[in-house]
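Some notes on the structure that comes next.
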Amino acid sequence: MEFETIYKMYWDRIFRLCMGFVNDYDIAQDLAQETFIIVWQKLETFRNESSIGTWIFRIASNNCLRQIEKDKRFPKSNLPVHLSEEKQISIEPHIQFLYKCIAELPETERIIISLELEDVKQSEIAKIVGLSEANVRVKIHRIKEKMTQKFKENGPR
């Protein structure tokens, strides 16, 4: 498969996955871009042991986890008070709240629900996170219950 085709097929899904991890539009864009740089560099070494989508989602997940670890090691300092953010991204409040809730989940749950929202097959999710398919199904159910509860308690009206 050609890189351009892969990019067009997966860009939106990978961006949304990254957004679920970091809940920051610009950082999510950077992470998605870095993911596709890796895909482009490693495409010839892809061994077809899994689907190309599973491989790309695994790269993106690892990339996001590395970013989260980096952020923990090097906390960001606050911007000076007199600076204001110039660009305001308007995301529907419910979607914005969903990304916020996903970003608060533990890493494995974040990966699982982000992939589930991208309609990745549960068997592929199991391969990506290294769990059994049954365990993934249970986790998805529990995550959905948790998210539903958060929406009921704190979600936008």
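Here the simple spin-label model places points 7 Å from the Cα toward Cβ, and for Asp12 and Gln96 these points are separated by 2.2 nm. Across the chain, Cα pairs under 8 Å and at least six residues apart give a relative contact order of 26 percent. D by Stokes-Einstein for the stretch 88-157, Kirkwood Rh over Cα pairs, 10 °C, 1.306 mPa s: 125 µm²/s. Using a probe of 1.4 angstrom and keeping all protein chains present, the accessible surface of the chain works out to 65 square angstrom per residue. Principal axis extents of the Cα atoms in the chain, from largest to smallest and rounded to whole angstrom, are 51, 35, 30. With 27 Å as the limit, the listed pairs Lys8/Lys152; Lys72/Lys152; Lys8/Lys139; Lys70/Lys127 have Lys8/Lys152; Lys72/Lys152; Lys8/Lys139 beyond it between alpha carbons. Compactness ratio for the stretch 1-75: Cα radius of gyration over 2.2 N^0.38 Å (N = residue count) comes to 1.09. Taking the accessible area of the chain, probe 1.4 Å, and keeping the other protein chains in place, the carbon and sulfur fraction comes to 50%.
By the Stokes-Einstein formula, at 1.306 mPa s and 10 °C, the stretch 22-66 with its Kirkwood radius over alpha-carbon pairs has D equal to 145 µm²/s.
The candidates His94, His141, arranged from most to least accessible area with a 1.4 Å probe in the full protein assembly, appear as His141, His94. With contributions of -39500 (n - 2.57) from each DSSP H run of at least four residues, the per-residue ellipticity at 222 nm computed over the chain stands at -24000 deg cm²/dmol.
The values are calculated or read from the model by the stated rules, or taken from the named source; none is laboratory data. Computed from a predicted structure; not experimentally measured. Cβ coordinates were reconstructed from backbone atoms using ideal geometry, including for glycine residues, and neighbour counts include every protein chain displayed. Each accessible area value is taken on the protein alone, full model and side chains, heavy atoms only, with ligands, DNA and RNA left out. Shrake-Rupley method; radii C 1.70, N 1.55, O 1.52, S 1.80 Å.
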